[in-house]
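Single-structure report; data block below.
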Amino acid sequence: MSDTSDNRKKKLEWLAARIRRNTLEICMQRGGYAGQGVALADIAACLYFEEMRLNETGWYYDRFVLSNGHDAIMTYAALAEQGSYRMDELRTYNADGTKIDQSPIEGQFGFEITAGSLGQGPSQAAGIAWGERMNGNDKRIYCLFSDGELQEGNVWEAAMFAGHHQLDNLCFIIDNNNLQATSATSNVMTVEPVPDKFEAFGCHCRRVNGNCIAEILEAFAEARTIRGKPYVMCCDTRIFEGIDCLKSALPMAHYVAAANADWEAGLAEIDAKLAEMADS
Ligand SMILES: Cc1ncc(C[n+]2csc(CCOP(=O)(O)OP(=O)(O)O)c2C)c(N)n1
Ligand SMILES: [Mg+2]
């Protein structure tokens, strides 16, 4: 890896650690979807700080559609680091009367769609991608959805539509964490082999370690080279990946209302990592 790409990787690792820290801080008051926010921090760092292009106002030119609304915490944590949200407002996450909903509604800053009812993002993202292309825009559309959502028929209709219309401005990012609320996805109703299924619908699909920044960047770069097909990044992740003490304490935690001691241990671990990075 050249110096430049090494520095870029270090910058993104730092941002991912900051996003993990923000996630814990947002969640520790009243609980929420901390495991997903932590696990998705590497993808969020690459997406928000490297992959999506900015417009002249400094906001994103490319568009991000969050389908699995409960992963809003990832966007809050990333946009806090980017400067669009203050941590004091994000600490009201999940409080009565807050605007910082656990699942976002359309119009909330940084969110394109209302997304608590799962399975609907891919079709909306495909429609947006089609519309942008019809309008002659070269915007790229990124849509995050989950392995649990792969059990919804609407997702496959979106894949069929996107494949048929050769929407190569569309990039699906799947949080393939083998968890769907109460149990492992592979126990409830398997969704594998995910890449073969999307390929059959006319998409180009690559399986990615969703916690390896180099692999994520490579996939995003490849996505920009694929012509005539939507791109699918099937990102294997695990709840709380990147904070070892929480990953082992809460391995299948779809929703977390942890003890104070767990949150404090998680913060201590991530702070030690940040300090180590600052020294290197
Ligand atoms: C249409 C719809 N059906 C069911 C639910 C209830 N629900 C909320 S989260 C969830 C699990 C979905 O799986 P996934 O997004 O993979 O969960 P995670 O990996 O984040 O634990 C379900 C079934 C919902 N929100 N929307
Ligand atoms: Mg899941």
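Close amide-amide hydrogen proximity is noted between residue 110 and no other residue 5 or more places distant or on a separate chain, at a cut-off under 5 Å (H modeled in the peptide plane; Pro and chain starts excluded). Output the 0 to 90 degree angle, nearest 10, between the alpha-carbon long axis of helix 260-279 and the longest principal axis computed from the alpha carbons of the chain. It works out to around 80 degrees. A dipole drawn for region 160-280 from +1 and -1 charges on Cβ atoms has a positive end, and of 234, 164, 212 the residue lying farthest that way is 164. Since only 123, 47, 184 are under comparison, the one whose Cα sits farthest along the positive direction of the charge dipole of region 3-279, derived from C-beta charges on Lys, Arg, Asp and Glu, is 123. In region 3-279, the portion of solvent-accessible area held by carbon and sulfur atoms comes to 49 percent [1.4 Å probe, whole percent, DNA, RNA and ligands not counted]. Summed over the residues of the chain and divided among them, the accessible surface reaches 42 Å² per residue at a probe radius of 1.4 Å.
For residue 9, the lysines whose Cα falls under 25 Å of its own Cα, not counting residues fewer than eight places away in the same chain, are 139, 247, 273.
Could you tell me the accessible area of residue 229 in Å² (1.4 Å probe, neighbours in place), rounded to the nearest ten? In the full protein context, residue 229 sits at about 80 Å².
Considering region 158-280 at the alpha-carbon level, its Rg and Dmax are found to be 17.8, 51 Å.
A simple rule links phi to the HN-Hα coupling: the Karplus curve 6.51 cos²θ - 1.76 cosθ + 1.60 with θ = phi - 60°, which for region 103-117 gives 10, x, 10, 3, x, 5, 4, x, 10, 8, 9, 6, 9, x, 7 Hz, with x for Gly and Pro.
Mind checking the angle between helix 3-27 and the chain's longest principal axis? C-alpha axes, 0 to 90 degrees, to the nearest 10. Helix 3-27 sits roughly 70 degrees off the main axis of the chain.
The C-alpha atoms of the chain define a longest principal axis, and helix 153-164 lies at about 50 degrees to it. By the equivalent-ellipsoid construction on the alpha carbon gyration tensor, the chain comes out with semi-axes of 28, 21, 19 Å, ordered largest to smallest.
Using Cα centres only, tell me the gap between region 107-127 and region 9-74 in whole Å. So the two Cα centres are separated by 16 Å.
The values are calculated or read from the model by the stated rules, or taken from the named source; none is laboratory data. Fair warning: this is a prediction, and the values are worked out from it, not measured in the lab. Heads up, the Cβs are rebuilt from the backbone with ideal geometry, glycines too, and the neighbour counts pull from every protein chain shown. Accessible surface is based on the protein model in full, side chains and every heavy atom, while ligands, DNA and RNA are left aside. Shrake-Rupley method; radii C 1.70, N 1.55, O 1.52, S 1.80 Å.
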